[in-house]
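Have a look at the structure below before the remarks.
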Amino acid sequence: DGDVVRGDRFSGGPARGFLSSLSADERIFAADLAVDRAHVVMLAEQDIIEDETAGEILTALNVVEVDGHGSLPDGEDVHAAIETSVVQKVGDDGGKMHTARSRNDEVATCIRHRLRDDVLGVLDATLALRKALLEVASSHADTVMPGYTHLQPAQPTTVGHFLASYEQAVSRDTERLLDAYGRVNQCPLGSAAFAGTPFNVNRERVGELLGFDDVLDNSMDAASARDFLVETVAALANLGTTLSGVAEDLVIYSNRGFVELSDDYSSTSSIMPQKKNPDTLELVRAVAGDAHAGLSGLLATLKGLPRAYNRDLQRATPHAWDAIDAVTDAVEVTAGAVATATWNEDALVEASAEGFSTATGVADLLAMCGVPFRTAHELVATAGEANYDALDSAAKDVLGSPLAEYVPREEVESALDPETSVEMRDSHGGPASDAMTEALSDAEATLVIH
Ligand code: ARG
């Protein structure tokens, strides 16, 4: 209907609620105020609007801020609602706020502005988790525990080596998030709808006022791009996967009685009075799924979208918020659970010899004494148990002479001990105490916490 003005045409109708992102936009309320302020300051500096009008708009924005998101008038989104509120307060001149921009560049800027803080929040949490992992790793650097492959007893290691292994993984997750941060922190504002603007805007100035590292150049790309959400959520999904591994291992180790979570990170049963369950870790394990869901939700929403702005983008953003909230919580809970758990050294040492876990160490020892490793492997497999006599008779079978001809008995007996077995593995990154001392001090040096 040609007689209907734009505002009327879009003011209501049955799809109003479906169209509106106003409530979800609460997350970017503060960011939108910051973006409005920077834009208005730039417009005034560039003489695109009068200083007096800019002053009135800035004053109105202060009132909007104090009143809060909940007091905004109805609107299709937070950008429209804040603008309506400014116009209500300033009069028609309030409408100058939206000169030389569109909600398309505005929302993209708001998301980046808010996501920046959220990424810093999760980065902070990863630092605390790494610190907790390293602290417990150093206090249990010599606590021998069973190491598993295929969940079968494999070789003894230490609690310190196990926990430090996760610190390394979280440190790479941290790097990926930092890398994504660099591309999040780029300013799209001034791209307008996608095709730039005839006004003499100063995009660099707006970017600087908002603390962005740089501006995105091509205005069509700037308004359309959401790959920064994908890579951030991908880094979160990776981190979530790391956390799920920590959680799963600790769930298994609590089941074996190797570790006990503090009450703060446990739960009980409503019927079975004796129960102490590792529920927090089970939820951490599940959060990885939430992060992966966020990533596939985002990719599914973005795939096949044409340039430039399409309203589908409104549904992309919440996937990122959900993922960052879930993963941030999970990192914090994991850090707390790790920091407060108690390791049961007796149970660990006892279990560390299970399943002839020192077999590889004995084969290594024989190989060090000149027996080809494959032959040593066969000899130990033939013996099949952690016992000198069995090894000696296997030596007679496989090598045709007693074991003592190749290696002194005390050395074999010592290699059968899980603690010695760990100490033998002093290669770079291994669990032996010297290698661990070095690894822990290298890892601690990367963590500067003030
Ligand atoms: N609320 C929208 C979003 O979150 C931004 C508005 C752009 N709307 C539009 N019709 N061009 O993406």
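The values are calculated or read from the model by the stated rules, or taken from the named source; none is laboratory data. If you're wondering where the values come from, they're calculated on a predicted model, not measured in any experiment. Note that we place each Cβ from the backbone using ideal geometry, even for glycine, and neighbour counts take in every protein chain shown.
Is there a residue being touching a Phe, Trp or Tyr at 6+ places or on another chain (Cβ under 7 Å) and either within 16 Å of the ligand (Cβ to nearest atom) or not in a helix (DSSP H, G or I) (or both) anywhere in region 319-338? No, the conditions are met nowhere in region 319-338.
Considering only residues in region 101-114 that are part of a helix (DSSP H, G or I) and farther than 14 Å from Asp25 by Cβ, the one that is nearest to the ligand (Cβ to nearest atom) turns out to be Asn104.
Evaluate region 200-209: report whether one residue or more is within 16 Å of the ligand (Cβ to nearest atom), closer than 23 Å to Ile28 by Cα and touching a strand residue (DSSP E or B) at 6+ places or on another chain (Cβ under 9 Å). So far as region 200-209 goes, no, none of its residues is within 16 Å of the ligand (Cβ to nearest atom), closer than 23 Å to Ile28 by Cα and touching a strand residue (DSSP E or B) at 6+ places or on another chain (Cβ under 9 Å). The residues in region 101-147 that are over 17 Å from the mean Cα position of the chain (by Cα) and among the aliphatic types (A, V, I, L, M) can be counted, and the count is 9.
The conditions are (1) within 26 Å of Val215 (Cβ to Cβ); (2) away from the ligand (no atom under 16 Å from the Cβ); (3) in the same structural domain as His39 (by TED's automatic domain parsing), and Asp93 fails exactly one of them. Which is it? Among (1) within 26 Å of Val215 (Cβ to Cβ); (2) away from the ligand (no atom under 16 Å from the Cβ); (3) in the same structural domain as His39 (by TED's automatic domain parsing), Asp93 violates only (1).
Being part of a loop (DSSP other than H, G, I, E, B) and among the hydroxyl-bearing types (Ser, Thr, Tyr) is the filter; apply it to region 256-277 and report the residue that is surrounded by the fewest Cβ atoms within 10 Å (Cβ to Cβ). Result: Ser270.
Among the residues of region 55-66, is there at least one that is over 23 Å from His319 (Cα atoms) and not in a helix (DSSP H, G or I)? No, because not a single residue in region 55-66 is over 23 Å from His319 (Cα atoms) and not in a helix (DSSP H, G or I).
Yes/no per residue for (1) at pLDDT below 95; (2) within 24 Å of the chain's Cα centre (by Cα):
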residue	(1), (2)
Val246	no, yes
Glu260	no, no
Ser266	yes, yes
Ser270	yes, no
Gln274	yes, no
Asn277	yes, no
Glu282	no, yes
Ala286	no, yes
Asp290	no, yes
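Would you confirm whether any residue within region 363-378 is in contact (Cβ under 8 Å) with a residue 60 or more places away in the chain, more than 30 Å from Leu281 (Cβ to Cβ) and part of a helix (DSSP H, G or I)? Within region 363-378 (the criterion being in contact (Cβ under 8 Å) with a residue 60 or more places away in the chain, more than 30 Å from Leu281 (Cβ to Cβ) and part of a helix (DSSP H, G or I)), the answer is yes, since at least one residue qualifies.
All of (1) away from the ligand (no atom under 16 Å from the Cβ); (2) within 35 Å of the chain's Cα centre (by Cα) hold for Ile49 with one exception: (2).
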